Amino acid sequence: MKGPASGGPAAPLLQVQGLRIEVAGRRLVHDLSFAAQAGERWAVLGANGAGKSTLLLTLAGLRAAPGAAIHVQGQPLDMLAPVPLARLRAFAEQQPQDAFSQTVGERVAQARSPFEGRWRVGPRPVDPPVREALRDMDLDALAARDLLQLSGGERQRVTVAAALAQQTSLLLLDEPTAHLDPAHQALVFAALRRRETGAALLALHDVNLALRHCTHVVMLMPGASVAGPIAAVVTPQSLQQTYACSARMVDVPANRSEGGRRLVLWD
């Protein structure tokens, strides 16, 4: 992905204005507005059922957003046809439905279909984006394995690898670290940090992962939706409102390899 042209501020990769989401008469997202720029990693936090997955589906263009203005790389989301949209954003759902037997390599390679002009099945050349995504998610040794024979964590890594292989400027990932051990969670965030010209929004349940790896946050609270820099938005008060659970923030001293950081302790 190329960086923005010089000569002026870059347009947001994702801009959201006045987004409201209701499901079955229940308001989940309240007048949400924010802009995601290149190099930013946005956590989407909220309690179970708060609307994290629904929000990502909406931002991916898979659910209508009446009354809201959503732009992807400056283009209105509701005006983008499926293939042009797939070249701008990648979406990894929370529980992918892998109904057909195919190899890991084939599944990840399918993510390149929007750039090939036609949908292909079966073996195809392994191009650099696919090789890079397999390597980033520690899947090289599993590339020839049948997808249906993998564990839940392995299949989750395949889902993330497919999104990475799409090489879009905007990544929308629903629970990308679910079922992953700590080492593979770290691989996900390492891959996101390397995408300096891209932005990512990822639904998470682990607030400490968000504090450790994300720059910004969307918090879905009962009665309010708040977006901004994560250090400013995530406080004991906002965590109490979001999760109905008391929390304390503690500072972890710096070590040789990194500066200090903050952690949440749940009371």
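The values are calculated or read from the model by the stated rules, or taken from the named source; none is laboratory data. Everything numeric here is computed off the predicted structure, so don't read it as measured data. FYI the Cβ positions are ideal-geometry reconstructions off the backbone, even for glycines, and counts take in every protein chain you see. To get the accessible areas, we keep the full protein, side chains included, count just its heavy atoms, and leave off ligands, DNA and RNA. Shrake-Rupley method; radii C 1.70, N 1.55, O 1.52, S 1.80 Å.
For the reader, a short list of remarks on this structure follows.
- Scan of segment 193-215 for residues that are in contact with a strand residue (DSSP E or B) (Cβ under 9 Å, 6 or more places away or on another chain) and either among the polar types (S, T, N, Q) or closer than 18 Å to His30 by Cβ (or both), ordered by number: Leu201, Ala203, Asn208, Thr215
- Residue within segment 168-188 that is open to solvent by 30 Å² or more (accessible area, probe 1.4 Å), part of a helix (DSSP H, G or I) and modelled with pLDDT under 95 present: no
- Within segment 38-56, the set of residues being open to solvent by 10 Å² or more (accessible area, probe 1.4 Å), in contact (Cβ under 8 Å) with a residue 60 or more places away in the chain and part of a helix (DSSP H, G or I) comprises Lys52, Ser53.
- Test for Val72: is it surrounded by 20 or more Cβ atoms within 10 Å (Cβ to Cβ) and more than 20 Å from Val158 (Cα to Cα): yes
- Taking each residue of segment 160-185 that is touching a residue at least 24 places away in the same chain (Cβ under 8 Å) and closer than 15 Å to Leu57 by Cβ and looking for partners that are of a type in the set (Phe, Trp, Tyr) and surrounded by fewer than 24 Cβ atoms within 10 Å (Cβ to Cβ) with beta-carbon atoms closer than 6 Å, six or more apart or interchain, yields Leu172/Phe91.
- Condition met for Gly67 (over 22 Å from His216 (Cα atoms) and in contact with a strand residue (DSSP E or B) (Cβ under 9 Å, 6 or more places away or on another chain)): yes
- Residue within segment 233-241 that is outside any strand (DSSP E or B), open to solvent by 40 Å² or more (accessible area, probe 1.4 Å) and modelled with pLDDT under 95 present: no
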